[in-house]
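This report concerns only the one structure given below.
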Amino acid sequence: MNKVYICFPQGKHKALTMSYDDGKEEDRRLVKIFNQHGIKGTFHINSGIRDQVRIPFEEYAGLYEGHEIACHTLTHPTIERCPLEKVVYEVLEDRKRLEKLTGMPVRGLSYPNGSYNEEIKRLLPALGIRYSRIVGDTHDFKLPTDYYEWKATCHHNNNLLEDGKRFVELNKKQYLYLMYVWGHSYEFSRDDNWEVMEQFCRLVGGRDDIWYTTNIGFVDYMERAKGLQFGADNTFVYNPYAASVFLSVNDRIVEAKGGELTRFE
Ligand SMILES: [Zn+2]
């Protein structure tokens, strides 16, 4: 019987993703740091708040290229206190405006002020939202079990370098690991601690054993992995999607290409 495990792209077993809210001007400096180290981020935007400190829409396509633009609701209300109809409007209208800018489906969310409840969670799939980040830190690298209550490994002000060091040193391949960092780019200016992020990116960036991805990139990949169609005797797999999924078969990396049947020899 073949021993088949799901892997991240190229057979990796560690993934890193970053999640930053509010779309303020410090995103420019943050994106630059990410780009220097091949790190991918998700930027959660309130498309209904336009003021001096927010990145103008005209800059989005260039600035956030290669990263994810996601929702943070239209006007940043504490949605737990809002009527559900208002929550629907806040999410859908944000999606519509962001999709006009990106020309792509926008399917991610982070809860403004970390506010949510069970009713709101149940609503989100019907609004086209595939995941939503909450506030708080796990300080571990486990994969999320509920994408609508996705808790990060750490905020960048909360043991980032220590957690990053532990992440880089992980080498056991029995498990898949995800490090997920969150925050707001304006906090680096406020706290005068850009060097924390610069050091972190130098530490974790540009490594062969880490998959750098956006929040939705992670969700989509894991969704594809779950949708693979394996033969009952475990000697082949059909990938019904367009993009590849990587497997470890008897400790050998196998690429299950999109739209193809792959036999394990
Ligand atoms: Zn916010």
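Being within 16 Å of the ligand (Cβ to nearest atom), more than 28 Å from residue 175 (Cβ to Cβ) and polar (S, T, N, Q) is the filter here, so list the residues in region 117-162 that pass it.
Correct list: empty.
Go through region 1-34 and report how many residues are within 16 Å of the ligand (Cβ to nearest atom) and polar (S, T, N, Q).
Quick first cut of region 1-34, residues within 16 Å of the ligand (Cβ to nearest atom) only: 18-27, 30.
From the residues that got through so far, the ones that are polar (S, T, N, Q) too are 19.
Qualifying residue count for the region: 1.
Only one of 68, 93, 58 is crowded, with 22+ Cβ neighbours inside 10 Å, acidic (Asp, Glu) and either closer than 22 Å to residue 129 by Cβ or out of contact with any Pro (no Cβ under 8 Å at 6 or more places or on another chain) (or both); which? Spell out how you get there, then give the answer.
Working: 93 fails: crowded, with 22+ Cβ neighbours inside 10 Å; 58 fails: crowded, with 22+ Cβ neighbours inside 10 Å.
Criteria check complete, one pass: 68.
Based on this model, can you work out whether residue 143 counts as buried (at least 18 other Cβ atoms within 10 Å of the Cβ) and aliphatic (A, V, I, L, M)?
So residue 143 does not fit the description; no.
Which one of the conditions (1) over 19 Å from the mean Cα position of the chain (by Cα); (2) of a type in the set (Lys, Arg); (3) within 16 Å of the ligand (Cβ to nearest atom) does residue 172 fail to meet, given that it meets all the rest?
Condition not satisfied by residue 172: (3).
In this structure, does residue 39 turn out to be closer than 24 Å to residue 205 by Cα, in the same structural domain as residue 199 (by TED's automatic domain parsing) and in contact with a Ser or Thr (Cβ under 7 Å, 6 or more places away or on another chain)?
No; evaluated as a whole, the condition is false for this residue.
Which is in the same structural domain as residue 148 (by TED's automatic domain parsing), within 16 Å of the ligand (Cβ to nearest atom) and not polar (S, T, N, Q), of 114, 103, 62? Steps first, answer last, please.
Values: 103 fails: within 16 Å of the ligand (Cβ to nearest atom); 62 fails: within 16 Å of the ligand (Cβ to nearest atom).
The conditions single out 114.
Can you pull out the residues in region 35-59 that are in contact (Cβ under 8 Å) with a residue 12 or more places away in the chain, within 16 Å of the ligand (Cβ to nearest atom), more than 19 Å from residue 152 (Cβ to Cβ) and out of contact with any Lys or Arg (no Cβ under 9 Å at 6 or more places or on another chain)?
49
Any residue in region 71-93 that is within 18 Å of residue 184 (Cα to Cα), within 15 Å of the chain's Cα centre (by Cα), assigned by TED's automatic domain parsing to the domain that holds residue 161 and within 16 Å of the ligand (Cβ to nearest atom)? Give the derivation first.
Of region 71-93, the ones within 18 Å of residue 184 (Cα to Cα) are 71-78.
Imposing the further condition that a residue be within 15 Å of the chain's Cα centre (by Cα) reduces the set to 71-72.
Imposing the further condition that a residue be assigned by TED's automatic domain parsing to the domain that holds residue 161 reduces the set to 71-72.
Filter again for within 16 Å of the ligand (Cβ to nearest atom), leaving 71-72.
Yes: one or more hits.
Residue under question is residue 119, and the condition is that it be surrounded by fewer than 17 Cβ atoms within 10 Å (Cβ to Cβ) and without any contact (Cβ under 8 Å) to a residue 24 or more places away in the chain; does it hold?
no
The values are calculated or read from the model by the stated rules, or taken from the named source; none is laboratory data. Please read these numbers as outputs of a predicted model, since none were measured by experiment. For neighbour counting, all protein chains shown are included, and Cβ atoms are generated from backbone atoms with ideal geometry for every residue, glycine included.
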